[in-house]
């Protein structure tokens, strides 16, 4: 082997500046190169310009920061860079649990929302979601062992999807062979994903694995989602997605087969209450008292005082959304009077903060869940439940015509011949809704839902129709023709061919004619005995 070949085998190309260095010094050089290129244009960069002369010509090639957390190429997408000290620390060595705690406490010094500063750092800090991330669950065991699987986090807003991603980010900081990249499908595209994958391929040369968190992944269309498939399958990246939409409808089946779907539920009132109390105590925001008449200790006189029942009320009206609850708490504390003592009674809190939302998506899964509950309550003759679900749909902003059309369907499908007038009333309700609109038509829908729930039920026609549909679907070969005596004969030629020959208007039993096609003369779809 020549000396030239030996020299080439002993050198490695730096993934940042694309220059060759000896294997013994490449790791040290990469750490230094990452740090220097992370602060191009910063004051620190200017003060060390003499150190950058060697790499000045290469900096223009850098498209993405290969540090474990941030990416310079993603600044244009709205993702802020970390502080210089933090980036250098994460690039040069792994973070310890103490470092994670310190970084979380540093959030207090920034002008960040309370909900953001209260994100959990460790698995033990998660409130709720016991089935998915509780002690003893499979995901808890894997994350405790610093193993991150490909998964899609699916749940309503404020249930903890981004908080789980925050915990995974801290797990990656603790490991020298892992790096975490966060993107949002609302602010980036396929090109950003390609850049992350490109850097991930370079990082694999140094045995560092990339975990990509894609928030609001359902914002990518089916074609854009295909950009993940190859890289998730060959292990270039580990994908952690977050979505509020049903993955069965919003994500590719191919992507779902490569990721585990983790279902997160709405937080209970008790769980939201725990989060609020933790925020008040940990951030020292206020003094919680059982009654506003209770005087705080002398050492707490300067702080704001809030009743425990006020926190309970906030937990009840936020509809399981911890972010809404923390935002309302922050708003209430910020609006507290400057006079002493600073009190926030429950009545003032109720006057200042109203129930601002209810979980209902007029185009998503909740849209179909609620209208299905209306139909099934009518089918079961539960008039009380039918009234509740109808009112809830309208309260959430549902189109009254959508509810009215479903009531007409229920009148024919589940009531049918048991009370034929129900269909007439349902159609009249739909026409009334079309004429007067909301909010006046709400009582029409409520009355119709209760009326249908109380009506006698008969599914005879519906079952007969389904049986006829199965017969047509399962038939082999061409469908049997219409018998000649049942065909219309408007022309002489058609009469000569036998169209309408022998037809009479007598009852089926007395006419001597068959009205079913050939081969189906003895098939009966309607069966009164099974009504």
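Overview of results
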{"quantity": "Residue ID - modelled with the highest pLDDT, chosen from residues in the stretch 409-429 that are over 38 Å from the mean Cα position of the chain (by Cα) and surrounded by 22 or more Cβ atoms within 10 Å (Cβ to Cβ)", "calculated": "422"}
{"quantity": "The stretch 393-404: number of residues that are in a helix (DSSP H, G or I) and crowded, with 16+ Cβ neighbours inside 10 Å", "calculated": "5"}
{"quantity": "Hits in the stretch 430-464 - residues which are without any contact (Cβ under 8 Å) to a residue 40 or more places away in the chain and either more than 35 Å from the chain's Cα centre (by Cα) or over 19 Å from residue 396 (Cβ atoms) (or both)", "calculated": "430, 431, 432, 434, 435, 436, 447, 451"}
{"quantity": "Residue within the stretch 269-280 that is in a loop (DSSP other than H, G, I, E, B) and crowded, with 19+ Cβ neighbours inside 10 Å present", "calculated": "no"}
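To keep it simple, each residue is scored yes or no on (1) at pLDDT below 80; (2) touching a helix residue (DSSP H, G or I) at 6+ places or on another chain (Cβ under 6 Å); (3) under 13 Å from residue 276 (Cβ atoms).
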residue	(1), (2), (3)
311	no, yes, yes
322	no, yes, yes
340	yes, no, no
343	yes, no, no
346	yes, yes, no
349	yes, yes, yes
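The values are calculated or read from the model by the stated rules, or taken from the named source; none is laboratory data. Since the structure is predicted, the reported quantities are computational estimates derived from the model, not experimental observations. Because the Cβ atoms are built from the backbone with ideal geometry, glycine has one as well, and the counts that use them run over all protein chains shown.
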